[in-house]
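*Asks:* Quick one: this structure, given as structure tokens, is what I'll be asking you about.
Bear in mind these aren't lab numbers, they're just calculated from the coordinates by the rules spelled out. Just so we're clear, the structure is a prediction, and the values are computed from it rather than from any experiment. A quick note on method: Cβ atoms are made from the backbone with ideal geometry, for glycine too, and the neighbour counts reach across all protein chains shown.
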Amino acid sequence: MQLNTEPNLPNPDAFYEALIEMHQDLSVADSQMVNAKLILLLGNQIGDMDVLREAMALARKGITPAANPAANPVASAGSEGRTI
Amino acid sequence: METDYQNLVFEYRRAPDQDAAAVRHPVVVVGAGPVGLATAIDLAQHGVPVVLLDDDCSLSSGSRAICFAKRTLEIFERLGCDTRMTDKGVSWNVGKVFLQDELIYTFNLLAESGHAKPAFINLQQYYVEGYLAERAAQLPNLQLRWKNRVVGLQQQDDHVAVTIDTPDGEYTLQARYVVAADGSRSAVRKLMGLDTQGRVFKDRFLIADVKMKAEFPTERWFWFDPPFHPNQSVLLHRQPDNVWRIDFQLGWDADPVLEKQPERVLPRVRALLGEDAEFELEWVSVYTFACQRMAKFRHGRVLFAGDSAHGVSPFGARGANSGVQDADNLAWKLRWVLQGLAPDALLDTYAHEREFAADENILNSSRSTDFITPKSEISRIFRDAALRLAKDCQFARRIVNSGRLSIPTVLSDSPLNTPDSDHFDGAMVPGAPCTDASIRHCASAGWLLPHLGGAFTVLVYADGTRPITAELLGELRELSSGTTPCRALLVLGAGASVSDDLSGISVLEDHAAMVALRYDLQAGSCYLIRPDQHVAARWRDFSIDRVRQALARAIARPPGQLPGPPASHAPHTELETQPAFSTAQTVHTKGAESCN
């Protein structure tokens, strides 16, 4: 396990407050967009696919899909698509 | 007056086979599209007689596959028809991606110089097929039979019995091997009761080819959510003859019949070009697609190639281009087996390598499609987030996916590769397709790739730091005159001098040090390159024994058996195949012969 789940934030309360403030006065749709951009930015900052996969798995852990799962299987994680 | 390839009708001609009892041929290729034609030409010009069957009598209806990649052009060069393609085609390297009405990034598919071919040409499929068909007609041992529909197929121990329907009724012939290049609705596949598996994408797209004088540059333009076609994507490509391909995403609910009507199409085109634009519709099509493949590309003596074996979305131009790579992979293996130079197991590696390639293409194509057509609300949110970030952040531009354009697969897990035992840097790993470089040959400027391929090539690099010994030259000559066709190629870097007799060895000057850089060459470095220009093995030092072992491995010979025609695989004289080094060979090696 490479994902650091031990305390790493010098000031967790300030982080949490900033996170909530980021969404101040936004609609649910706008908040979702902001969250998505934040995840992409942080993913690039981390830059380590193993760490990111571990974080994704941990984030999803314990959550079962609703009765109507998206029918499309996700393309299997194989070799990386070569970016051009 | 240029031939009107769109309306060309080929004549059905009665073949002598129709008046004889089941004549046997080495290879029957089914389907005269780009893949079938490429396979047949490659075989025929290397001395393997081919019968090429097509159920129709015309070329591609509509422009269809318009983007032909660098690798495909390199293969067409070996087939002797690249010049016509590049002369007629529209060359391009640059793509632009727009979000709404804003340019978010530009990419260049061939940022470095020193390649003979452009990243892509755009050319209507009927031109590609027309030029290939004309090349095929020059080959006396290639019989192209129009209006010959395969209606029956029976595998026997040593041949396949193929029943063919024609305007004159049915006839049967025998083939040692059948190549099924008969497209996504492959009749051969159906006759054999085989299927394909994969994902069908619930989206519809409209192709409008319009003829007009336009000022757009020769680039690939892709819009997400443009003001003229909100919430969907649009792709614009230039073709020859002032034809422009516009590809509109329509969504799954669009009516495929209604959307083809001019009264529906014209307003969409005008929305993009402006109300006053003068244009005419050349071709209109509404399509859906699936990313899928057959579980196995080889079934006994029948080998599937191109769309019959695998399908992808159009984004990335991976359909026809990967099909031509199939042809390139298959043709030399069939030839080696038919000429008794390699065991039948070599054909298993065709399936292995090209199934691997199909998986890579399907993976890339599925990812592009999932980006262009998000399958869920959250998927769309992330897509839009990436697009919005891309305006300001470089990293997000690399996430934006409007199609990952076709590049040839590195056959990294092929059993034909000899794994590296020495350290090399760079992209030319075993299994990689050889990259081009500028060279000098016989005191004139040229390119590396025409000197590779057709046969196996052993390439040795020399520069001023180490003398070229008579022993090395002797062993290279021994390889080139061995029983398994293997050309010897000496690449000379700065300071290298040769005074000895070089007969039987080709010499290239690496005048710009480009070959050394791209192949990470040092004095003595050696590459073994396959007939399809993929790297089979490489070493820091030349050793004739290691080259022979790698050569044996690259033709699927069991370990311990060195190349050479064993008794059990003696050439089948009844097939009238010519020896491996026939006069036809010079088609490929012209310009590659020694000038010393």
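*Asks:* Looking at (1) surrounded by 19 or more Cβ atoms within 10 Å (Cβ to Cβ); (2) free of Cβ contacts under 8 Å to residues at least 40 places away in the same chain; (3) among the basic types (Lys, Arg), find the lone condition where B:Arg404 falls short.
*Replies:* Among (1) surrounded by 19 or more Cβ atoms within 10 Å (Cβ to Cβ); (2) free of Cβ contacts under 8 Å to residues at least 40 places away in the same chain; (3) among the basic types (Lys, Arg), the lone unmet condition for B:Arg404 is (2).
*Asks:* If you don't mind, there's one more thing I want to ask. Filter the stretch B:199-220 down to the residues that are out of contact with any helix residue (DSSP H, G or I) (no Cβ under 7 Å at 6 or more places or on another chain) and closer than 29 Å to B:Leu363 by Cβ and list them by number.
*Replies:* Those that are out of contact with any helix residue (DSSP H, G or I) (no Cβ under 7 Å at 6 or more places or on another chain) and closer than 29 Å to B:Leu363 by Cβ: B:Val200, B:Lys202, B:Asp203, B:Arg204, B:Phe205, B:Ile207, B:Glu219, B:Arg220.
*Asks:* Look through the stretch A:15-44, keep the residues that are facing chain B (nearest Cβ under 9 Å) and polar (S, T, N, Q), and return whichever of them is surrounded by the fewest Cβ atoms within 10 Å (Cβ to Cβ).
*Replies:* The qualifying residue surrounded by the fewest Cβ atoms within 10 Å (Cβ to Cβ) is A:Asn44.
*Asks:* If I ask for residues that are closer than 19 Å to B:Leu99 by Cα and more than 7 Å from chain A (Cβ to nearest Cβ), which ones from the stretch B:400-410 would you list?
*Replies:* B:Val400, B:Asn401, B:Ser402, B:Gly403 - these are the residues of the stretch B:400-410 that are closer than 19 Å to B:Leu99 by Cα and more than 7 Å from chain A (Cβ to nearest Cβ).
*Asks:* Can you pull out the residues in the stretch B:521-542 that are assigned to a loop (DSSP other than H, G, I, E, B) and closer than 12 Å to B:Val460 by Cα?
*Replies:* If the condition is that a residue be assigned to a loop (DSSP other than H, G, I, E, B) and closer than 12 Å to B:Val460 by Cα, then B:Leu521, B:Gln522, B:Ala523, B:Gly524, B:Ser525, B:Arg540, B:Asp541, B:Phe542 are the ones that fit.
*Asks:* Of B:Leu334, B:Leu416, B:Leu346, which residue is among the hydrophobic types (A, V, I, L, M, F, W, C), more than 9 Å from chain A (Cβ to nearest Cβ), closer than 24 Å to B:Asp532 by Cα and not in a helix (DSSP H, G or I)?
*Replies:* B:Leu416
*Asks:* Look at the stretch B:355-398 and say how many of its residues are more than 7 Å from chain A (Cβ to nearest Cβ), buried (at least 20 other Cβ atoms within 10 Å of the Cβ), within 30 Å of B:Gly306 (Cα to Cα) and touching a strand residue (DSSP E or B) at 6+ places or on another chain (Cβ under 8 Å).
*Replies:* Number satisfying all stated conditions: 7.
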